[in-house]
Amino acid sequence: MMTVPFFRQESVLLPRNQNLRSIYVMLIAVAMFSLMDTAMKLLSAHYPPMQVTALRALSSLPLVCLYLLYRGAFNNVMKVRWPLHLLRGALGVLMITLFAYGLKRMSLAETYSLFFVAPLLITVLSVFILKEKVDFARWCAIAVGLLGVLVALRPDGSGFFSLAGLAVLGSAACYAISAVTGRILSRTDASESMVFWLMVMMALGGVALSAHEWVNIRRDDWWLLAGLSVSGFLGQLAITEAFRHGKASSVAPFEYSALAWGMALDWMLWRALPDEYTLIGAAIIIGSGIYLVRREAVHAESEHP
C-alpha cells in the first residue's frame, strides 16, 4: 500500500539537483510499495484479508526493530500518547484488511485509481480536525477529484455497489484519518515510535481477529513474506528520504507513478489491463491531487517571509 510521511516539511528554496535526486528516490519508493502490494495481492488469493493484515505487520516488525536499535530510539518508545496510538492501530488493521479484500478482487491499477482519493480526503479532514484553511480553488479540486472516483466506479452504477470498490474507498478513508492523526502525534511523539507501535498493534489485532480462520503458511509463500517485508521497509526509508531532502510540491506528484507500476505488474502477472473508465477516473483524481499539492506550495510560498 502506498505510504507517505505523516509530516512533511516544505522547504521553499532548495537546490535543483537536490530536488531531482529526491524525485528519483521517490520513484524508487513507489516501485518498492508497488512490489509490496503485489505480494499482498498474491497472498490474498490464499489467505483471509485479516490474516494478510497480520502477515503484513509481522513480516515488517523484525526490520522495524532493527532500525529502532540502529537509531537508538527504543529508549523513548514508551513515551507516547496512547489513545491516539490505539486509534491508529485500529485504523491500520481496518485499512490493510479492506485493502487486501479489494486487491483480491480488483487489479492493482483499479485499486490504485480508487485509493488515490486519499490525499483529497486528508485535505478535507485537515479543515475539520487540524483547523487548516482551504480556499475555494482547492475545494473545487476536491470536488473534481471525487467526481473522478465516480467515473472510476463506472457511470452506469455497476461498479459503485461493488464490495471490492467500496472496500478500497473505505481503506483510503482509514488511511486519511490515520495520516491526520499521525500529524497530530508528530508534534509530541518520535516518528520511530509511531511506526513501531502501528506495526505492533496491527500484528496483535490482525492475529487476534484472524485466529479463528488462520491458514497455515505454505512453504512457497515464505519468499513472498520476505519480499513483503523488505520492499515495505525499503519503500518507507526511500519515501522518508525523498521528503526530507526534496520539496514536497515537486516530489509528491510522483507518488502517482504507482498507476504505471500497477498496470505493468497487472500485465506481467495476470495479463490484465484497466478499462477506459478506470483510466479516465484515475486521470481526473491524479490531476486534482497534483493541483492540490501545487496550490498548497503556492500558498506556502506566499506566506514565506
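The values are calculated or read from the model by the stated rules, or taken from the named source; none is laboratory data. It should be emphasised that the depicted structure is a prediction, and the values quoted were computed from it without experimental measurement. We place every Cβ from the backbone using ideal geometry, glycine too, and count neighbours over all the protein chains shown.
Just a few scattered comments:
- The residues in region 260-278 that are under 18 Å from residue 117 (Cβ atoms), part of a helix (DSSP H, G or I) and at pLDDT below 95 can be counted, and the count is 2.
- Of the set (1) in a helix (DSSP H, G or I); (2) in contact with a helix residue (DSSP H, G or I) (Cβ under 7 Å, 6 or more places away or on another chain), all apply to residue 244 but (2).
- Scanning region 162-219 for residues that are in a loop (DSSP other than H, G, I, E, B) and either of a type outside the set (Ser, Thr, Tyr) or buried (at least 20 other Cβ atoms within 10 Å of the Cβ) (or both) returns 187, 189, 190, 214, 215, 216, 217, 218.
- Within region 293-305, considering residues that are in a helix (DSSP H, G or I) and over 15 Å from residue 254 (Cβ atoms), the one modelled with the highest pLDDT: 295
- Per-region count, region 55-98, residues closer than 26 Å to residue 43 by Cα and loosely packed, with under 14 Cβ neighbours inside 10 Å: 2
- Exclusive hit being modelled with pLDDT of 95 or more, crowded, with 20+ Cβ neighbours inside 10 Å, out of contact with any Ser or Thr (no Cβ under 6 Å at 6 or more places or on another chain) and closer than 20 Å to residue 209 by Cα, set 112, 101: 101
- Single condition residue 132 does not satisfy, out of (1) in a loop (DSSP other than H, G, I, E, B); (2) among the charged types (D, E, K, R); (3) within 27 Å of residue 55 (Cβ to Cβ): (3)
For every residue, the table says whether it meets (1) buried (at least 17 other Cβ atoms within 10 Å of the Cβ); (2) within 18 Å of residue 145 (Cβ to Cβ); (3) β-branched (Val, Ile, Thr).
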{"residue": "230", "(1), (2), (3)": "yes, no, yes"}
{"residue": "243", "(1), (2), (3)": "yes, no, no"}
{"residue": "246", "(1), (2), (3)": "yes, no, no"}
{"residue": "260", "(1), (2), (3)": "no, no, no"}
{"residue": "264", "(1), (2), (3)": "no, no, no"}
{"residue": "268", "(1), (2), (3)": "no, no, no"}
{"residue": "278", "(1), (2), (3)": "yes, yes, yes"}
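- Which listed residue is within 23 Å of residue 71 (Cβ to Cβ) and in contact with a Leu (Cβ under 8 Å, 6 or more places away or on another chain), from 282, 203, 242, 190: 203
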